[in-house]
Structures are given as structure tokens and as C-alpha cells.
1. Find how much the distance from ASP71 to ARG10 grows on full extension, using 0.36 nm per residue of separation minus their present alpha carbon separation; answer in nm with one decimal.
2. Rank-order 68-75, 29-36, 10-17 by packing density, defined as the average count of other C-beta atoms within 10 Å over each peptide's residues, highest first.
Amino acid sequence: MARNSMRRTRRQPITPAPGPIVRTAPEMPTSGYALVVDGQIKSEFKSKDMARARAEDLKRRFPYLQVRLFDAEKKHTEDIEPTEA
């Protein structure tokens, strides 16, 4: 047998796996209203009526979620409570 065919191949060094991906949270809007679900901004609206309607619909369908409405002008967050349909 030829010695070359029995030769071991040199293995590549093991490289460490890349670290976890760190995502930054989106910034709160500076105008309009934002729908915040479980601490995460989900959508933005120009009018309070549209934002409130969407928030109440979401809370009615999923009462266990924490739903808040953020007013960018006043820098105020309002909790949305479940309403009867």
C-alpha cells in the first residue's frame, strides 16, 4: 500500500459559533399614536380613534395580552382594558 493513501488529512480548527443576534428595540414615535403589545411596538397610527379601535379589537380578541396605547405628543401610555362586544 502506498503511504500517501493512508495519510491522514489535517482537520480544520473548530471555530466557535457566532454569538446571539442582538436586536435593538424600535424607538417610540415622535408623532401620532403607537399600539404597544406586551412591551413591543406593533403599529403606528396618525389618529387616536383608529389606534384606540385597533387596540380595543385586539384586547377583545386576546384578553390575556397587555395592550397599551402610546400618545407621542403627550409622551403618555394608556392601558387598554377588555370591553364587552
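1. Additional length available on full extension: 15.7 nm.
2. 29-36, 68-75, 10-17
None of the figures in this text is laboratory data; all of them are computed from the coordinates on show. Just so we're clear, the structure is a prediction, and the values are computed from it rather than from any experiment. Heads up, the Cβs are rebuilt from the backbone with ideal geometry, glycines too, and the neighbour counts pull from every protein chain shown.
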